[in-house]
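The values are calculated or read from the model by the stated rules, or taken from the named source; none is laboratory data. Quantities reported herein were computed from a predicted structural model and do not represent experimental measurements. Positions of Cβ are generated from backbone atoms using ideal geometry, with glycine treated the same way; all protein chains shown enter the neighbour counts.
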């Protein structure tokens with residue numbers, strides 16, 4: 001059975017779950033009620049519906065072994081080098097097919113690369129924030145046994161989410177990538 005989603009139906013489905021994650025090992029972003037996802041994400045899900053219809057039984061946390069950490073570092077480095085930063089005035093969310101893109105392109109491309117390496121989708125969450133200049137920014141968050149780690153195109157290393165100078169707003173729910181929740185913890 002193939003599910004077809006139109007914009008209003010997809011938006012309604014995204015608002016049906018409220019999730020509060022308990023504290024775990026490392027520093028974890030605490031989340032609250034459901035929020036409307038970024039409009040670019042809704043358009044991304046319409047174009048790539050298969051990537052937005054996954055449902056998890058429970059949130060995933062990846063045991064951060066030496067090999068898994070090396071995968072994070074390698075993907076961070078390779079994608080940051082492979083994509084030329086370029087502002088996208090229309091804020092289209094898509095993969096780096098042309099070799100350039102904005103923060104959305106970086107985050108989506110990193111997520112796809114880690115999934116290809118066997119990382120569970122529900123442990124790779126997109127998170128929206130305002131940067132130190134008050135501009136919207138998107139980062140990939142990897143849920144690990146060492147806490148939530150950020151793969152950000154504005155930094156070379158993978159860092160703890162709380163090390164970034166951002167005001168975190170919302171992120172994907174680890175139970176369904178189509179749903180977004182409010183971020184309630186700020187460092």
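Values as computed for the structure displayed
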read-out: Residue list for segment 84-115, restricted to those being in contact (Cβ under 8 Å) with a residue 60 or more places away in the chain and farther than 26 Å from residue 147 by Cβ; value: 85
read-out: Top-ranked residue in segment 116-135 [being surrounded by 15 or more Cβ atoms within 10 Å (Cβ to Cβ) and free of Cβ contacts under 8 Å to residues at least 40 places away in the same chain; ranked as farthest from the chain's Cα centre (by Cα)]; value: 131
read-out: Residue identified as modelled with pLDDT of 70 or more and surrounded by fewer than 17 Cβ atoms within 10 Å (Cβ to Cβ) among 89, 59, 38, 85; value: 85
read-out: Residue 154 vs. criteria surrounded by 14 or more Cβ atoms within 10 Å (Cβ to Cβ) and within 13 Å of the chain's Cα centre (by Cα); value: no
read-out: Every residue from segment 146-170 that is closer than 13 Å to residue 29 by Cα, out of contact with any helix residue (DSSP H, G or I) (no Cβ under 9 Å at 6 or more places or on another chain) and not in a strand (DSSP E or B); value: 161, 162, 163, 164, 166
read-out: Close pairs (6 angstrom Cβ cut-off, 6 or more residues apart or separate chains): free of Cβ contacts under 8 Å to residues at least 60 places away in the same chain and at negative phi in segment 33-51, crowded, with 16+ Cβ neighbours inside 10 Å and assigned to a loop (DSSP other than H, G, I, E, B) anywhere; value: 49/5
read-out: Failed condition for residue 32, given (1) at pLDDT 90 or above; (2) out of contact with any strand residue (DSSP E or B) (no Cβ under 6 Å at 6 or more places or on another chain); (3) under 21 Å from residue 149 (Cα atoms); (4) surrounded by fewer than 17 Cβ atoms within 10 Å (Cβ to Cβ); value: (2)
